Amino acid sequence: MEGGNGGVDPSPFLSLFAAFSYGVASMAMVFINKAVLMQYAYSMTLLTLQQLATALLIHCGRVMGYTKRRGFNIVTAKKLLPVSLFYNANVAFALASLKGVNIPMYIALKRLTPLAVLVTGFFRGKGKPPVQVSLSVIFTAAGVIIAALGDFSFDLFGYSMALTSVFFQTMYLVLVEKSGAEDGLSSIELMFYNSLLSLPFLFFLIIATGEFPQSLSLLFEKANSSAFAVLLILSLVMGIVLNFTMFWCTIVNSALTTTIVGVLKGVGSTTLGFVLLGGVKVHALNVTGLVINTAGGVWYSYAKYQQKRKMPRKVLSDEETRQK
(Lines give C-alpha, C1' and ligand atoms only; values in the text may rest on other atoms or scores of the structure.)
Protein backbone atom coordinates (compact mmCIF):
# COMPACT_ATOMS: atom_id res chain seq x y z
CA MET A 1 0.00 0.00 0.00
CA GLU A 2 1.44 3.34 -0.96
CA GLY A 3 1.30 6.18 1.50
CA GLY A 4 1.63 9.09 -0.89
CA ASN A 5 -1.58 10.74 -1.88
CA GLY A 6 -0.40 11.69 -5.32
CA GLY A 7 -1.66 15.26 -5.01
CA VAL A 8 -5.29 14.32 -4.22
CA ASP A 9 -6.72 14.81 -0.76
CA PRO A 10 -7.61 11.47 0.85
CA SER A 11 -11.21 10.59 1.72
CA PRO A 12 -12.38 10.95 5.33
CA PHE A 13 -12.57 7.13 5.60
CA LEU A 14 -8.96 6.69 4.43
CA SER A 15 -7.80 9.36 6.85
CA LEU A 16 -9.59 7.68 9.76
CA PHE A 17 -8.33 4.22 8.77
CA ALA A 18 -4.72 5.44 8.59
CA ALA A 19 -5.07 7.07 12.00
CA PHE A 20 -6.74 3.97 13.51
CA SER A 21 -4.00 1.67 12.13
CA TYR A 22 -1.28 3.83 13.62
CA GLY A 23 -3.06 3.96 16.98
CA VAL A 24 -3.38 0.17 17.25
CA ALA A 25 0.23 -0.44 16.16
CA SER A 26 1.55 2.23 18.52
CA MET A 27 -0.34 0.85 21.52
CA ALA A 28 0.86 -2.70 20.87
CA MET A 29 4.46 -1.54 20.40
CA VAL A 30 4.67 0.11 23.83
CA PHE A 31 3.77 -3.12 25.63
CA ILE A 32 5.93 -5.35 23.44
CA ASN A 33 8.99 -3.12 23.86
CA LYS A 34 8.40 -2.87 27.61
CA ALA A 35 8.14 -6.68 27.86
CA VAL A 36 11.37 -7.16 25.88
CA LEU A 37 13.28 -4.51 27.87
CA MET A 38 12.28 -6.15 31.15
CA GLN A 39 14.38 -9.15 30.06
CA TYR A 40 16.85 -7.45 27.71
CA ALA A 41 17.99 -3.99 28.82
CA TYR A 42 20.02 -3.11 25.71
CA SER A 43 17.56 -0.64 24.14
CA MET A 44 19.92 0.68 21.43
CA THR A 45 20.65 -2.83 20.17
CA LEU A 46 16.92 -3.55 20.05
CA LEU A 47 16.34 -0.41 17.97
CA THR A 48 19.18 -1.39 15.62
CA LEU A 49 17.65 -4.83 15.06
CA GLN A 50 14.26 -3.25 14.32
CA GLN A 51 15.71 -0.87 11.72
CA LEU A 52 17.80 -3.62 10.12
CA ALA A 53 14.74 -5.87 9.80
CA THR A 54 12.76 -3.02 8.22
CA ALA A 55 15.43 -2.19 5.63
CA LEU A 56 15.94 -5.85 4.66
CA LEU A 57 12.20 -6.54 4.33
CA ILE A 58 11.57 -3.52 2.09
CA HIS A 59 14.62 -4.30 -0.05
CA CYS A 60 13.55 -7.92 -0.50
CA GLY A 61 10.01 -6.79 -1.28
CA ARG A 62 11.27 -4.51 -4.03
CA VAL A 63 13.54 -7.20 -5.51
CA MET A 64 10.61 -9.66 -5.56
CA GLY A 65 8.27 -7.04 -7.04
CA TYR A 66 5.95 -6.70 -4.04
CA THR A 67 6.59 -2.97 -3.55
CA LYS A 68 6.95 -0.11 -6.02
CA ARG A 69 9.70 1.66 -4.12
CA ARG A 70 12.04 3.56 -6.42
CA GLY A 71 15.78 2.91 -6.42
CA PHE A 72 18.11 4.56 -3.92
CA ASN A 73 18.71 8.24 -4.68
CA ILE A 74 21.59 10.05 -2.98
CA VAL A 75 19.91 13.48 -3.26
CA THR A 76 16.77 12.17 -1.54
CA ALA A 77 18.90 10.47 1.10
CA LYS A 78 20.65 13.74 1.96
CA LYS A 79 17.32 15.53 2.28
CA LEU A 80 15.94 12.80 4.58
CA LEU A 81 19.02 12.54 6.81
CA PRO A 82 17.59 14.99 9.40
CA VAL A 83 14.34 12.94 9.48
CA SER A 84 16.32 9.81 10.27
CA LEU A 85 18.42 11.48 12.96
CA PHE A 86 15.36 12.94 14.72
CA TYR A 87 13.46 9.65 14.43
CA ASN A 88 16.23 7.58 16.00
CA ALA A 89 16.87 10.15 18.71
CA ASN A 90 13.16 10.05 19.58
CA VAL A 91 12.99 6.25 19.76
CA ALA A 92 16.30 5.95 21.60
CA PHE A 93 15.24 8.37 24.35
CA ALA A 94 11.78 6.79 24.49
CA LEU A 95 13.24 3.32 25.00
CA ALA A 96 15.63 4.67 27.63
CA SER A 97 12.72 6.25 29.52
CA LEU A 98 10.73 2.99 29.42
CA LYS A 99 13.45 1.31 31.48
CA GLY A 100 12.73 3.61 34.43
CA VAL A 101 9.19 4.93 33.98
CA ASN A 102 5.99 2.89 34.21
CA ILE A 103 3.73 2.78 31.16
CA PRO A 104 0.96 5.14 32.40
CA MET A 105 3.42 7.92 33.26
CA TYR A 106 5.46 7.34 30.10
CA ILE A 107 2.32 7.78 27.99
CA ALA A 108 1.26 10.85 29.99
CA LEU A 109 4.59 12.56 29.31
CA LYS A 110 4.55 11.63 25.62
CA ARG A 111 1.10 13.20 25.30
CA LEU A 112 2.73 16.61 25.48
CA THR A 113 3.84 16.12 21.86
CA PRO A 114 0.63 17.48 20.22
CA LEU A 115 1.06 20.85 21.92
CA ALA A 116 4.69 20.99 20.79
CA VAL A 117 3.68 20.16 17.19
CA LEU A 118 0.97 22.83 17.23
CA VAL A 119 3.40 25.51 18.46
CA THR A 120 6.07 24.42 15.97
CA GLY A 121 3.59 24.55 13.09
CA PHE A 122 2.56 28.07 14.06
CA PHE A 123 6.17 29.32 14.03
CA ARG A 124 6.78 27.56 10.71
CA GLY A 125 4.21 29.84 9.13
CA LYS A 126 1.38 27.31 8.76
CA GLY A 127 -0.98 29.94 10.10
CA LYS A 128 -3.22 30.00 13.12
CA PRO A 129 -5.10 26.69 13.51
CA PRO A 130 -8.90 26.68 13.99
CA VAL A 131 -10.08 27.65 17.46
CA GLN A 132 -11.53 24.20 18.19
CA VAL A 133 -8.26 22.50 17.24
CA SER A 134 -6.21 24.82 19.46
CA LEU A 135 -8.55 24.48 22.43
CA SER A 136 -8.75 20.69 22.14
CA VAL A 137 -4.95 20.34 22.10
CA ILE A 138 -4.57 22.65 25.10
CA PHE A 139 -7.33 20.71 26.87
CA THR A 140 -5.46 17.49 26.16
CA ALA A 141 -2.16 18.88 27.49
CA ALA A 142 -3.88 20.12 30.67
CA GLY A 143 -5.10 16.60 31.31
CA VAL A 144 -1.53 15.34 30.95
CA ILE A 145 -0.25 17.70 33.62
CA ILE A 146 -3.02 16.80 36.06
CA ALA A 147 -2.44 13.06 35.51
CA ALA A 148 1.32 13.44 36.01
CA LEU A 149 0.77 15.16 39.39
CA GLY A 150 -0.51 11.86 40.74
CA ASP A 151 2.77 10.02 40.12
CA PHE A 152 4.40 9.02 43.40
CA SER A 153 7.21 7.01 41.75
CA PHE A 154 9.00 10.04 40.28
CA ASP A 155 12.09 9.07 38.27
CA LEU A 156 14.15 12.11 37.23
CA PHE A 157 16.18 10.21 34.63
CA GLY A 158 13.11 8.57 33.10
CA TYR A 159 11.18 11.86 33.01
CA SER A 160 14.12 13.65 31.39
CA MET A 161 14.45 10.95 28.73
CA ALA A 162 10.72 11.06 27.94
CA LEU A 163 10.62 14.86 27.64
CA THR A 164 13.68 14.83 25.39
CA SER A 165 11.91 12.22 23.27
CA VAL A 166 8.93 14.59 22.94
CA PHE A 167 11.18 17.25 21.41
CA PHE A 168 12.71 14.87 18.86
CA GLN A 169 9.34 13.31 18.01
CA THR A 170 7.95 16.76 17.25
CA MET A 171 10.82 17.59 14.93
CA TYR A 172 10.71 14.37 12.92
CA LEU A 173 6.91 14.42 12.53
CA VAL A 174 7.07 17.94 11.12
CA LEU A 175 9.85 16.90 8.72
CA VAL A 176 7.96 13.75 7.63
CA GLU A 177 4.88 15.81 6.82
CA LYS A 178 7.04 18.23 4.83
CA SER A 179 8.85 15.42 2.94
CA GLY A 180 5.66 13.59 2.04
CA ALA A 181 3.96 16.74 0.78
CA GLU A 182 6.86 18.36 -1.07
CA ASP A 183 8.81 15.36 -2.36
CA GLY A 184 5.88 13.03 -3.10
CA LEU A 185 7.46 10.17 -1.13
CA SER A 186 5.33 7.21 -0.09
CA SER A 187 5.29 5.59 3.34
CA ILE A 188 7.37 2.68 2.06
CA GLU A 189 10.03 4.99 0.64
CA LEU A 190 10.22 7.05 3.81
CA MET A 191 10.54 3.86 5.84
CA PHE A 192 13.34 2.51 3.65
CA TYR A 193 15.43 5.68 3.69
CA ASN A 194 14.85 6.15 7.41
CA SER A 195 15.96 2.60 8.24
CA LEU A 196 18.96 2.62 5.90
CA LEU A 197 20.23 6.00 7.08
CA SER A 198 19.74 4.95 10.70
CA LEU A 199 22.05 1.94 10.63
CA PRO A 200 25.49 3.67 10.58
CA PHE A 201 24.38 6.02 13.35
CA LEU A 202 23.02 3.14 15.46
CA PHE A 203 26.05 0.90 14.92
CA PHE A 204 28.23 3.74 16.18
CA LEU A 205 26.02 4.26 19.24
CA ILE A 206 25.89 0.62 20.37
CA ILE A 207 29.70 0.55 20.24
CA ALA A 208 30.18 3.99 21.84
CA THR A 209 27.74 3.24 24.68
CA GLY A 210 29.39 -0.12 25.41
CA GLU A 211 26.34 -2.22 24.56
CA PHE A 212 28.30 -4.21 21.98
CA PRO A 213 29.46 -6.99 22.22
CA GLN A 214 27.73 -7.81 25.54
CA SER A 215 24.31 -7.15 24.01
CA LEU A 216 24.97 -9.67 21.23
CA SER A 217 26.17 -12.34 23.67
CA LEU A 218 23.11 -11.92 25.86
CA LEU A 219 20.87 -11.99 22.79
CA PHE A 220 22.20 -15.43 21.81
CA GLU A 221 21.72 -16.67 25.37
CA LYS A 222 18.15 -15.37 25.53
CA ALA A 223 17.36 -16.86 22.13
CA ASN A 224 17.21 -20.28 23.79
CA SER A 225 14.04 -19.15 25.55
CA SER A 226 11.08 -19.65 23.24
CA ALA A 227 9.06 -17.00 25.12
CA PHE A 228 11.76 -14.37 24.64
CA ALA A 229 12.27 -15.38 21.00
CA VAL A 230 8.56 -14.84 20.32
CA LEU A 231 8.66 -11.44 22.03
CA LEU A 232 11.74 -10.40 20.03
CA ILE A 233 10.19 -11.46 16.72
CA LEU A 234 7.00 -9.59 17.63
CA SER A 235 9.08 -6.53 18.44
CA LEU A 236 10.84 -6.64 15.06
CA VAL A 237 7.60 -7.17 13.13
CA MET A 238 5.72 -4.49 15.05
CA GLY A 239 8.62 -2.10 14.51
CA ILE A 240 8.00 -2.41 10.77
CA VAL A 241 4.23 -2.08 11.14
CA LEU A 242 4.56 0.93 13.45
CA ASN A 243 6.96 2.75 11.12
CA PHE A 244 4.69 2.22 8.13
CA THR A 245 1.49 3.29 9.86
CA MET A 246 3.18 6.31 11.46
CA PHE A 247 4.57 7.61 8.14
CA TRP A 248 1.30 6.79 6.35
CA CYS A 249 -0.84 8.58 8.93
CA THR A 250 1.43 11.63 8.85
CA ILE A 251 1.35 11.88 5.05
CA VAL A 252 -2.37 11.20 4.66
CA ASN A 253 -3.38 13.44 7.57
CA SER A 254 -0.80 15.67 9.30
CA ALA A 255 1.89 15.66 11.98
CA LEU A 256 -0.57 17.04 14.53
CA THR A 257 -3.16 14.35 13.73
CA THR A 258 -0.53 11.63 14.22
CA THR A 259 0.36 12.94 17.67
CA ILE A 260 -3.31 13.22 18.70
CA VAL A 261 -3.83 9.61 17.62
CA GLY A 262 -1.00 8.81 20.00
CA VAL A 263 -2.95 10.57 22.74
CA LEU A 264 -6.13 8.59 22.06
CA LYS A 265 -4.40 5.20 21.93
CA GLY A 266 -2.66 6.17 25.14
CA VAL A 267 -5.97 5.96 26.99
CA GLY A 268 -6.17 2.22 26.39
CA SER A 269 -2.46 1.78 27.00
CA THR A 270 -2.64 3.65 30.29
CA THR A 271 -5.61 1.60 31.51
CA LEU A 272 -3.83 -1.66 30.69
CA GLY A 273 -0.57 -0.29 32.07
CA PHE A 274 -2.05 -0.06 35.55
CA VAL A 275 -2.43 -3.85 35.69
CA LEU A 276 0.18 -5.21 33.23
CA LEU A 277 3.99 -5.25 33.26
CA GLY A 278 4.32 -3.69 36.70
CA GLY A 279 1.29 -2.39 38.58
CA VAL A 280 0.75 1.27 39.42
CA LYS A 281 -1.34 2.66 42.28
CA VAL A 282 -4.47 4.39 41.05
CA HIS A 283 -4.76 8.01 42.18
CA ALA A 284 -7.65 10.46 41.81
CA LEU A 285 -5.41 12.90 39.93
CA ASN A 286 -4.50 10.20 37.40
CA VAL A 287 -8.15 9.41 36.70
CA THR A 288 -9.17 13.08 36.50
CA GLY A 289 -6.31 13.90 34.18
CA LEU A 290 -7.04 10.96 31.89
CA VAL A 291 -10.71 11.94 31.62
CA ILE A 292 -9.78 15.50 30.62
CA ASN A 293 -7.10 14.19 28.28
CA THR A 294 -9.51 11.78 26.58
CA ALA A 295 -12.16 14.47 26.14
CA GLY A 296 -9.60 16.74 24.48
CA GLY A 297 -8.47 13.98 22.11
CA VAL A 298 -12.03 13.09 21.10
CA TRP A 299 -12.84 16.77 20.65
CA TYR A 300 -9.86 17.25 18.33
CA SER A 301 -10.65 14.12 16.30
CA TYR A 302 -14.24 15.30 15.74
CA ALA A 303 -13.11 18.83 14.79
CA LYS A 304 -10.57 17.54 12.25
CA TYR A 305 -13.06 15.10 10.73
CA GLN A 306 -15.66 17.82 10.29
CA GLN A 307 -13.04 20.15 8.81
CA LYS A 308 -11.96 17.51 6.28
CA ARG A 309 -15.55 16.82 5.23
CA LYS A 310 -16.11 20.51 4.46
CA MET A 311 -12.91 20.85 2.40
CA PRO A 312 -13.32 20.43 -1.39
CA ARG A 313 -11.26 17.59 -2.83
CA LYS A 314 -8.19 18.99 -4.57
CA VAL A 315 -7.98 18.55 -8.33
CA LEU A 316 -4.62 17.98 -9.99
CA SER A 317 -3.35 20.89 -12.02
CA ASP A 318 -1.97 20.38 -15.54
CA GLU A 319 1.57 20.87 -14.27
CA GLU A 320 1.11 18.30 -11.48
CA THR A 321 -0.36 15.82 -13.97
CA ARG A 322 2.64 16.11 -16.26
CA GLN A 323 4.99 15.53 -13.31
CA LYS A 324 3.31 12.29 -12.23
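Looking only at residues of the stretch 158-176 that are under 27 Å from Cys249 (Cα atoms) and open to solvent by 40 Å² or more (accessible area, probe 1.4 Å), we find that the one that is modelled with the lowest pLDDT is Leu175.
Taking helices (runs of 4 or more DSSP H) that fall entirely within the stretch 87-157, which contain at least 3 residues that are surrounded by fewer than 17 Cβ atoms within 10 Å (Cβ to Cβ) and modelled with pLDDT of 75 or more?
113-123, 131-148
Checking the structure you have, find out if any residue of the stretch 105-120 is touching a residue at least 24 places away in the same chain (Cβ under 8 Å), out of contact with any strand residue (DSSP E or B) (no Cβ under 8 Å at 6 or more places or on another chain) and farther than 25 Å from Ser254 by Cβ. Yes, there is a match, as at least one residue in the stretch 105-120 is touching a residue at least 24 places away in the same chain (Cβ under 8 Å), out of contact with any strand residue (DSSP E or B) (no Cβ under 8 Å at 6 or more places or on another chain) and farther than 25 Å from Ser254 by Cβ. In the set (1) hydroxyl-bearing (Ser, Thr, Tyr); (2) under 30 Å from Gly150 (Cα atoms); (3) open to solvent by less than 30 Å² (accessible area, probe 1.4 Å), the condition left unmet by Thr45 is number (2).
Matching residues to (1) on the phi > 0 side of the Ramachandran plot; (2) among the aromatic types (Phe, Trp, Tyr); (3) touching a residue at least 24 places away in the same chain (Cβ under 8 Å):
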residue: Tyr40; (1), (2), (3): no, yes, yes
residue: Val75; (1), (2), (3): no, no, no
residue: Leu85; (1), (2), (3): no, no, yes
residue: Ala92; (1), (2), (3): no, no, yes
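Restricting attention to the stretch 232-249, which residues are in contact with a Ser or Thr (Cβ under 9 Å, 6 or more places away or on another chain) and either modelled with pLDDT of 85 or more or under 18 Å from Gln51 (Cα atoms) (or both)? Residues satisfying the conditions are Leu236, Gly239, Ile240, Val241, Leu242, Asn243, Phe244, Thr245, Met246, Phe247, Trp248.
The values are calculated or read from the model by the stated rules, or taken from the named source; none is laboratory data. This one's a predicted model, so the numbers in the text were calculated from it and none came from an experiment. Glycine gets a Cβ as well: all are built from the backbone with ideal geometry, and neighbour counts include every protein chain shown. Only protein heavy atoms, including side chains, enter the accessible area calculation; ligands, DNA and RNA are left aside. Shrake-Rupley method; radii C 1.70, N 1.55, O 1.52, S 1.80 Å.
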